[in-house]
Amino acid sequence: MATVLIIHQDPLALEHLADMLGDEGYKTVGAHSVREAVALLTKQRVELIVLDAESVAKSAQGHLNFGGLAPVLQAAEDVPVILSTDWLREDVQEKAEERFADIVWKPVEPSDLLTSARSLVPPR
């Protein structure tokens with residue numbers, strides 16, 4: 001069974017995503033912050049990461065700060081990451097498309113997330 005790490009600050013949203021992916025045959029683990037995610041990645045292997053950009057990568061000015069995600073991206077550099085976001089500046093979107101395996105736009109449609117997850121890592 002493929003394991004998916006979901007990184008989301010909102011416990012209800014994290015639970016919803018975990019239920020959605022779990023119903024499709026994925027094992028899920030969750031983290032509410034970059035620090036929690038890195039700690040989890042040192043203990044457990046995951047095959048896919050679903051990352052909510054706004055909840056863990058926003059700067060004080062409200063812009064996305066991908067630099068703050070560096071510890072997660074380094075701890076799991078061979079793991080595909082699906083970025084969930086509601087907005088990206090054009091220049092940031094180009095960089096995001098290079099680094100992330102897929103971008104799922106908010107509001108997240110379950111079919112979009114599941115299609116992306118299945119295409120990257122089948123549940124097994």
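A short reminder: the numbers here are calculations on the coordinates, not readings from a lab. Computed from a predicted model, the values in this text were never measured in an experiment. Neighbour counts are summed over all protein chains in view; Cβ atoms, including those assigned to glycine, are modelled from backbone coordinates with ideal geometry.
Computed quantities for the displayed model
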item: Theoretical FRET efficiency, 1/(1+(r/R0)^6), r = Cβ-Cβ of residue 42 and residue 94, R0 35 Å, to 0.05; result: 0.65
item: At q = 0.24, 0.30 Å⁻¹, base-10 log of I(q)/I(0) for the range 75-124 (Debye sum, equal scatterers on each alpha carbon); result: -0.97, -1.18
item: Value of D in µm² per second that Stokes-Einstein yields for the range 3-119, Kirkwood Rh from Cα pairs, at 4 °C (1.567 mPa s); result: 92 µm²/s
item: Cut-off 13 Å, label 7 Å out along Cα→Cβ of residue 54, residues of the range 106-122 by amide N; result: 106-109
item: Unit charges at the beta carbon, dipole of the chain: most positive-side option, 2, 113, 20; result: 2
item: Theoretical gain in end-to-end length, residue 74 to residue 105 [0.36 nm per residue, Cα-Cα removed]; result: 8.8 nm
item: Check: the range 3-119 dipole with +1 on Lys, Arg Cβ and -1 on Asp, Glu Cβ, in debye; result: 440 debye
